[in-house]
Amino acid sequence: MLSTPVTAMAAAGNDGVPPTLAELSLEQLMNESVTSVARKESTVFESPAAITVIPGEELARFGVTTLAEALRFVPGMELGRINSHLWAISARGFQGQFADKMLAMIDERTVYGLTNAGVRWEAQDAILEDIDRIEVIRGPGATLWGANAVNGVVNIVTKSAKETQGALVSVGTGNELRASAAVRYGGTAGPGRYYRVYAKYTDRAAFRLLNGATGPDDWRGLRVGARFDWETRAADRVVVDAEMYEEKVGQIFYVPSPAPPFGSSTAIDNFNCTSHLQTRWTRSLGERASVSAQAFYAHSRAAIGAAKIVDDTVDASLQHRFAAGPAHDIVWGANVRWIGDDMPPDATVRITPQRSNVRLYGVFAEDDITLIPARLHGSIGSKFEHNDLTGFEFEPGMRAWWTPAAGHALWAAVSRAVRTPDRVERNGEQLVTAFPIAPPTQVPNSAVVAIEGNPELKAERIYAYEAGYRFYPAATVSFDVAAFYNEYRGLIGFVPQPPRLEATPAPLHLLIAERAGNVESCSIYGAEASLQWQPNRRWRVNASYSWLHAPFLPYELEFDNPAHQAKARIVWRPRPNLELVSAVYYVDRLPDMGVPSYLRLDLGFTRKCSAGCEIGVWGENLTDPRHLEFPHLSSALVEEVPRRVLIRLTRRF
């Protein structure tokens, strides 16, 4: 296998400065190691899936400040920023504030929440210099990763403590990111024992409303953590990772009331925190054999408007890979998970029962079969799970990869995946709005609109059909095309119920409720194409186009998707110590949300001042002062993404 960015970094010298994008050849990027597709190392070229790898070094070069914004690079990824701390992120449809069909992990530790389905991206505010790569699969990954890996999988892989030796200090400021400071130190504690400790603080300004006023969504966060890596012998590796994150988030929420004035908006500061402890042991048993075990505990206290959510997760998993003759490469594993949550009632949401415990356990197995060495291979497998919400689920999949000639690869896949309902969908009642009934002298004289959960909900199902083609006509050019057709069955929507009288909250009012049910089905299809061109070591161009056909679903509350997206990024290195970057994004309108199309232009440069020291300056959204990307689901206030200027200084010792 050709060298990866990690090995290229090791060859760059002893100052610890990572190589620039121009120093990595296109051939190296094509042979980037990935693990998310098959839960074992393979390359992008050999992966029978629509996968994109974002090298960690690319985040720094383009001035990325959050993991969520890094996903804007991915072809076909739908990303809309709602306000300073909220994003609507999905792939291949169902983009929304609570996008519930994208599974996200950090070092294979899930950060997808089952209590309120989706990912709180603002809580994943990692030190970006410690990110090795981000692997993004567009399409189902449930055969190996289980429920909720429906439209895609995001696996964020961090660097080992061995790769982050020495000290790093990074500070930045700008008009939107008012202050950012990250400090990290890595050292040794004996032969084969490495550690790093780190801290990061950010202070972000609020966005502007449509009328130009300042919104309530300013955001501050502090993260501290440590990681320890032990190479106990040549074949063993133990990793322990612990972290705590606290944030103060400005939010505004609307509280409906059956009494005049029938509702009010309240701005508050919510204090959220997350923490986790994770350990992983891996032993190599040969070239195609290994065993690993992982366990983690995660705790979260978060607020969405007035709703408070406290949850704890305990997870343990085991994985074994072995070869059954020269043609069969088998990986199998098992996991158990316990999730406990507490959601006390508030002014808008009531969950019954308030406390819940959910158990999940499952096994998976996949056989990668070599039919013609270096030419044709396929895989077949499934995950079998049982959870306390929907019972037994199975998620089979088949994939095939064929290279008819050097530089050409075709792949195809058929798979089934499920999405399990969250607590609000099963056990909740949420007030949405209220209004008066004329004449005011009658009883009742007001109505309240609410959505209600349904404990009889089943899992949503997808049957996905995918195909792709990769073509490398020369060492300087690569093409990647993928097409898909997804059939969704039993989608959860909210169906109007007969109106009824309610006395709580007072006064007596008419309740107009919509109840959750597995009531919708649809087909979504589309295609994604990307191009990489590297004429020499000074230039690199990445461009992509995606098309998506997603029908309007009458019982959905929040999803909308751009039909067309085009993205391009250019890196130019005129001198060894200077790198200039530019990025252009076109995103089509969101017709159901009333969001117009927009064109975004980013420019920036990074200059190495001396060994281990660099400064970067970036401007984002330069085509207009601000624009709308995605509306807030639970607030009437609509905020726009502003033009941003950022300057950052990084020093490695």
- Query: If only one of Gly397, Gly362, Gly381 is crowded, with 17+ Cβ neighbours inside 10 Å, out of contact with any Asp or Glu (no Cβ under 6 Å at 6 or more places or on another chain) and over 27 Å from Tyr555 (Cα atoms), which one is it?
  - Reply: Gly397
- The number of residues in the stretch 359-397 that are within 18 Å of Ser415 (Cβ to Cβ), hydroxyl-bearing (Ser, Thr, Tyr) and within 24 Å of the chain's Cα centre (by Cα) is 1
- Query: Has the stretch 626-644 got at least one residue that is at pLDDT 95 or above, over 24 Å from the mean Cα position of the chain (by Cα) and open to solvent by 20 Å² or more (accessible area, probe 1.4 Å)?
  - Reply: no
- Task: Could you please let me know if Tyr254 is under 25 Å from Ala434 (Cα atoms), of a type outside the set (Gly, Ala, Ser) and part of a strand (DSSP E or B)?
- Result: yes
- Query: Restricting the first residue to the stretch 310-328 and requiring it to be of a type in the set (Phe, Trp, Tyr), which pairs with a second residue that is open to solvent by less than 40 Å² (accessible area, probe 1.4 Å) and at pLDDT below 95 meet a Cβ separation below 7 Å and a spacing of at least six or different chains?
  - Reply: Phe322/Ala289
- What number of residues within the stretch 207-225 satisfy the criterion of being within 20 Å of Thr274 (Cβ to Cβ) and either open to solvent by 20 Å² or more (accessible area, probe 1.4 Å) or of a type in the set (Phe, Trp, Tyr) (or both)? 5
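Listed here are the residues, each with its yes/no results for (1) in contact (Cβ under 8 Å) with a residue 12 or more places away in the chain; (2) closer than 19 Å to Phe94 by Cβ.
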site: Glu452; (1), (2): yes, no
site: Glu456; (1), (2): no, no
site: Glu460; (1), (2): yes, yes
site: Tyr469; (1), (2): yes, no
site: Asn486; (1), (2): yes, yes
site: Ile492; (1), (2): yes, yes
site: Gln497; (1), (2): yes, no
site: Leu501; (1), (2): yes, no
- Note on the structure: Scanning the stretch 262-313 for residues that are surrounded by fewer than 15 Cβ atoms within 10 Å (Cβ to Cβ) and among the β-branched types (Val, Ile, Thr), the one farthest from Trp230 (Cα to Cα) turns out to be Thr266
- Candidates Leu318, Leu371, filtered to the one that is open to solvent by 40 Å² or more (accessible area, probe 1.4 Å), in contact with a Gly (Cβ under 7 Å, 6 or more places away or on another chain) and under 16 Å from Thr110 (Cα atoms): Leu318
- Considering every residue within the stretch 580-598, establish whether at least one is in a strand (DSSP E or B), buried (at least 16 other Cβ atoms within 10 Å of the Cβ) and modelled with pLDDT under 95. yes
- Message: For the stretch 153-172, give me the residue count where each residue is in a loop (DSSP other than H, G, I, E, B) and within 24 Å of the chain's Cα centre (by Cα).
- Response: 2
- Exception for Arg651 within (1) modelled with pLDDT under 90; (2) over 24 Å from the mean Cα position of the chain (by Cα) falls at (1)
- Message: Can you report the number of residues in the stretch 547-579 which are free of Cβ contacts under 8 Å to residues at least 24 places away in the same chain and either open to solvent by less than 30 Å² (accessible area, probe 1.4 Å) or small (Gly, Ala, Ser) (or both)?
- Response: 1
- Has the stretch 109-116 got any residue that is without any contact (Cβ under 8 Å) to a residue 40 or more places away in the chain, open to solvent by 10 Å² or more (accessible area, probe 1.4 Å) and assigned to a strand (DSSP E or B)? yes
- Among Val349, Val331, Val336, which is the only one that is open to solvent by 60 Å² or more (accessible area, probe 1.4 Å) and touching a residue at least 24 places away in the same chain (Cβ under 8 Å)? Val336
- If we keep just the residues of the stretch 504-529 that are open to solvent by 60 Å² or more (accessible area, probe 1.4 Å) and not in a strand (DSSP E or B), which is nearest to Val418 (Cα to Cα)? Thr504
- Message: Given the options Val136, Val150, name the one that is at pLDDT 95 or above, surrounded by 20 or more Cβ atoms within 10 Å (Cβ to Cβ) and assigned to a loop (DSSP other than H, G, I, E, B).
- Response: Val150
- Message: Given the criteria touching a helix residue (DSSP H, G or I) at 6+ places or on another chain (Cβ under 8 Å), in a strand (DSSP E or B), modelled with pLDDT of 90 or more and not hydrophobic (A, V, I, L, M, F, W, C), does Thr274 qualify?
- Response: yes
- Note on the structure: Going through the stretch 457-493 in order, the residues found to be surrounded by fewer than 18 Cβ atoms within 10 Å (Cβ to Cβ) and among the basic types (Lys, Arg) are Arg489
- Item | Leu144 being farther than 27 Å from Arg321 by Cβ and open to solvent by less than 20 Å² (accessible area, probe 1.4 Å) | no
- Considering each residue of the stretch 111-125, count those that are within 27 Å of Tyr185 (Cα to Cα) and in contact with a Gly (Cβ under 9 Å, 6 or more places away or on another chain), and give that number. 3
- Task: Name every residue in the stretch 400-438 that is among the aliphatic types (A, V, I, L, M), under 30 Å from Asp100 (Cα atoms) and open to solvent by less than 40 Å² (accessible area, probe 1.4 Å), in order of residue number.
- Result: Ala413, Ala417, Val418, Val424, Leu431, Ala434
- Task: Quick one: in the stretch 599-609, of everything that is surrounded by fewer than 15 Cβ atoms within 10 Å (Cβ to Cβ) and not aliphatic (A, V, I, L, M), which residue is modelled with the lowest pLDDT?
- Result: Cys609
- Message: If a residue must be among the β-branched types (Val, Ile, Thr), under 23 Å from Glu487 (Cα atoms) and part of a strand (DSSP E or B), how many such residues does the stretch 370-417 contain?
- Response: 2
- Could you list all residues from the stretch 93-105 that are buried (at least 22 other Cβ atoms within 10 Å of the Cβ) and among the hydrophobic types (A, V, I, L, M, F, W, C)? Phe94, Ala99, Met102, Leu103, Ala104
- Message: Anything in the stretch 184-197 that is open to solvent by 30 Å² or more (accessible area, probe 1.4 Å), under 15 Å from Val169 (Cβ atoms) and not hydrophobic (A, V, I, L, M, F, W, C)? List them, or say none.
- Response: Tyr185
- Message: Quick test of your reading of the structure: Thr504 fulfils all but one of (1) within 21 Å of Ala434 (Cβ to Cβ); (2) among the β-branched types (Val, Ile, Thr); (3) at pLDDT 90 or above. Name the failing condition by number.
- Response: (3)
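The values are calculated or read from the model by the stated rules, or taken from the named source; none is laboratory data. Please read all numbers here as calculations on a predicted model, not as lab measurements. Because the Cβ atoms are built from the backbone with ideal geometry, glycine has one as well, and the counts that use them run over all protein chains shown. Surface accessibility is based on the protein's heavy atoms, side chains included, excluding ligands, DNA and RNA. Shrake-Rupley method; radii C 1.70, N 1.55, O 1.52, S 1.80 Å.
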